[in-house]
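Worksheet: one structure, shown below.
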Ligand SMILES: [Zn+2]
């Protein structure tokens, strides 16, 4: 896209993350996805007159964790506000949110794009309640209020993002932090993580921002990336034709790969925010902040740096290993028992990650636990079995759930390390393949692999590779 | 402060009220009187007064994160004008076209 040479995209993202509390933010109803409709409701979250909200302490603490993890300044005094609008999934006629006194402000997170590091500013993180869910039928609309009152944090980025790739990296990083903190399960399909984008273009080198549009309804990170590409191109084409960009909200259609306007904003939304009189302000002292800070786990950036230093692994592998806290923990558990980081990392990246992506599961649901995996790796490092047999045993462990040792014993997979035995085998193979031997001796050196293969075939992969190579060379060269 | 018909129309739209032109005229006169009355407060010097959103000075009222039983469906729908299975039924709405 050569238009991208000419125009600079300015992108800001608004992310809503549902917090993994047990109960809702202002009432004691259970906070749970997928329950039968309206079974998790009470007079408070149904917006009955005369009810009063009471703030869930855990929700505040989760929001504080995210604020600290994204290097935000935590407000010493913060308040809730009413955002007024009428929509049937919002029974009170207003959403309890935060306005001019948010919980966290002025943070930043580090992203990596093409080996370059960059900081994206966090404007603010505030607490609010989710609305219910509407199901639009042809005749009427059905409402389920189970989601109404589920605690959300809204994370607003600075307009520091200049490409769809950076947007993708930013979202991935936010998700990683939320998951490390265990405060959100980040399931975009279930809506526990949602993202809206603001996009405008300006000529490169220009200071003034262009007119921005808002993009909604993306339900995956790749969807966000695609929607941004679409919108950047659309705006660039309009600008090239000298046409104005309308200030409007667009809905992304993932199947069609296009966005259509939802509404044109003639005037900006008028939510008539005012301080929520039903909730008292929050005062957050340094003692409380210190308490929360003490509960923070090692965060992704710190873990990444430590893995590089402590285990001497490459950036590529560390990136994968630390992408999820549970995966990093898995690696470290195995390393306690095998203590060969490079070897373990190679196996996790090539074997375990392959299985996880094939079966679309996370490491916490992976059948082979660290101790069992370590047992397998130890059988390879102490040369009981060859690496090739190791891969076979790994596959068998996946299907049968048996331990590596019992599979090796039952199927007699212990590797052949006896030089005399291997040598005997090699002599047989050489006498069975005189043609290949001649060709090899006349210079066809790549036939070496053929002879290796023959030995492995005859031993079902059990011949010690180093010994086989050494003895083959002895007889061929 | 003059409250013109346009302002009344905007307030009515935000409140999802549809008013006749006669009502718009009538309410603009009435609202103007009300606003003028309240505007007497502007004469007070509040430069030394902190804005007040709450009359009591308590802070940090919170509850532990505990689940308590929700309502049973019959209670939930007791006041509902329309119910279908366990859903509330409302007239068809398409987000964004209402405002
Ligand atoms: Zn409730």
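Just one of (1) touching a strand residue (DSSP E or B) at 6+ places or on another chain (Cβ under 7 Å); (2) at the interface with chain B (Cβ under 10 Å from one of its Cβ atoms); (3) assigned to a helix (DSSP H, G or I) trips up residue A:271, so point out which. If we test residue A:271 against (1) touching a strand residue (DSSP E or B) at 6+ places or on another chain (Cβ under 7 Å); (2) at the interface with chain B (Cβ under 10 Å from one of its Cβ atoms); (3) assigned to a helix (DSSP H, G or I), just (3) comes out false. Scanning the range A:158-191 for residues being within 13 Å of the chain's Cα centre (by Cα), surrounded by fewer than 22 Cβ atoms within 10 Å (Cβ to Cβ), in a loop (DSSP other than H, G, I, E, B) and at pLDDT 95 or above gives a total of 1.
Among residues of the range A:38-52 that are more than 7 Å from every other protein chain (Cβ to nearest Cβ) and at positive phi, those with a beta-carbon under 7 Å from a residue that is part of a loop (DSSP other than H, G, I, E, B) and more than 7 Å from the ligand (Cβ to nearest atom) at least six positions away or on a different chain give the pairs A:47/A:91; A:47/A:92. Evaluated against (1) surrounded by 15 or more Cβ atoms within 10 Å (Cβ to Cβ); (2) more than 9 Å from every other protein chain (Cβ to nearest Cβ), residue B:90 falls short on exactly one condition, (2).
When restricted to residues that are under 20 Å from the mean Cα position of the chain (by Cα) and surrounded by 19 or more Cβ atoms within 10 Å (Cβ to Cβ), the range A:305-322 contains 5. Among the residues of the range A:396-410, are any under 24 Å from residue A:328 (Cβ atoms), part of a loop (DSSP other than H, G, I, E, B) and out of contact with any strand residue (DSSP E or B) (no Cβ under 7 Å at 6 or more places or on another chain)? Within the range A:396-410, none of the residues are under 24 Å from residue A:328 (Cβ atoms), part of a loop (DSSP other than H, G, I, E, B) and out of contact with any strand residue (DSSP E or B) (no Cβ under 7 Å at 6 or more places or on another chain).
Conditions tested, residue by residue: (1) within 14 Å of another protein chain (Cβ to nearest Cβ); (2) part of a loop (DSSP other than H, G, I, E, B); (3) without any contact (Cβ under 8 Å) to a residue 40 or more places away in the chain.
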| site | (1), (2), (3) |
| --- | --- |
| B:13 | yes, no, no |
| B:30 | no, no, yes |
| B:34 | no, no, yes |
| B:53 | yes, yes, yes |
| B:59 | yes, yes, yes |
| B:69 | yes, yes, yes |
| B:74 | yes, no, yes |
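Here residue B:65 passes the criteria (1) more than 12 Å from every other protein chain (Cβ to nearest Cβ); (2) free of Cβ contacts under 8 Å to residues at least 24 places away in the same chain; (3) not in a helix (DSSP H, G or I) except the one numbered (1).
For the range A:390-413, taking the residues that are over 25 Å from residue A:365 (Cα atoms) and either out of contact with any helix residue (DSSP H, G or I) (no Cβ under 6 Å at 6 or more places or on another chain) or modelled with pLDDT of 85 or more (or both), the one that is surrounded by the most Cβ atoms within 10 Å (Cβ to Cβ) is identified as A:411.
Somewhere in the range A:63-77, is a residue facing chain B (nearest Cβ under 10 Å) and either in contact with a helix residue (DSSP H, G or I) (Cβ under 7 Å, 6 or more places away or on another chain) or surrounded by fewer than 24 Cβ atoms within 10 Å (Cβ to Cβ) (or both)?
Looking only at the range A:63-77, we keep the residues that are facing chain B (nearest Cβ under 10 Å), and these are A:77.
With either in contact with a helix residue (DSSP H, G or I) (Cβ under 7 Å, 6 or more places away or on another chain) or surrounded by fewer than 24 Cβ atoms within 10 Å (Cβ to Cβ) (or both) added as a condition, the list becomes A:77.
Yes: the range A:63-77 contains one or more residues that are facing chain B (nearest Cβ under 10 Å) and either in contact with a helix residue (DSSP H, G or I) (Cβ under 7 Å, 6 or more places away or on another chain) or surrounded by fewer than 24 Cβ atoms within 10 Å (Cβ to Cβ) (or both).
Once the range A:459-474 is narrowed to residues that are touching a helix residue (DSSP H, G or I) at 6+ places or on another chain (Cβ under 6 Å) and in a helix (DSSP H, G or I), the residue that is surrounded by the most Cβ atoms within 10 Å (Cβ to Cβ) is A:468. The set of residues in the range A:131-160 being over 30 Å from residue A:295 (Cβ atoms) and away from chain B (no Cβ under 14 Å) consists of A:159 alone.
Taking helices (runs of 4 or more DSSP H) that do not extend beyond the range A:274-352, which have at least 2 residues that are within 14 Å of another protein chain (Cβ to nearest Cβ) and over 15 Å from residue A:363 (Cα atoms)? Quick ask: steps written out before the conclusion?
On the way: elements: A:286-295, A:300-311, A:315-321, A:325-338, A:341-347.
Correct list: A:286-295.
Within 14 Å of residue A:151 (Cα to Cα), touching a helix residue (DSSP H, G or I) at 6+ places or on another chain (Cβ under 8 Å) and within 14 Å of chain B (Cβ to nearest Cβ) - does that describe any residue in the range A:11-20?
Kept after step one, since they are within 14 Å of residue A:151 (Cα to Cα), are these residues of the range A:11-20: A:15-20.
Remaining after also requiring touching a helix residue (DSSP H, G or I) at 6+ places or on another chain (Cβ under 8 Å): A:15, A:17, A:19-20.
With the extra rule that they be within 14 Å of chain B (Cβ to nearest Cβ), the set shrinks to A:19-20.
Checked against the condition, which is being within 14 Å of residue A:151 (Cα to Cα), touching a helix residue (DSSP H, G or I) at 6+ places or on another chain (Cβ under 8 Å) and within 14 Å of chain B (Cβ to nearest Cβ), the range A:11-20 yields at least one hit.
Considering (1) closer than 20 Å to residue A:52 by Cβ; (2) within 16 Å of the ligand (Cβ to nearest atom); (3) exposed (fewer than 12 other Cβ atoms within 10 Å of the Cβ), the lone condition that residue B:58 does not fulfil carries the number (2).
The values are calculated or read from the model by the stated rules, or taken from the named source; none is laboratory data. The structure displayed is predicted, hence computed values, not measured ones. Because the Cβ atoms are built from the backbone with ideal geometry, glycine has one as well, and the counts that use them run over all protein chains shown.
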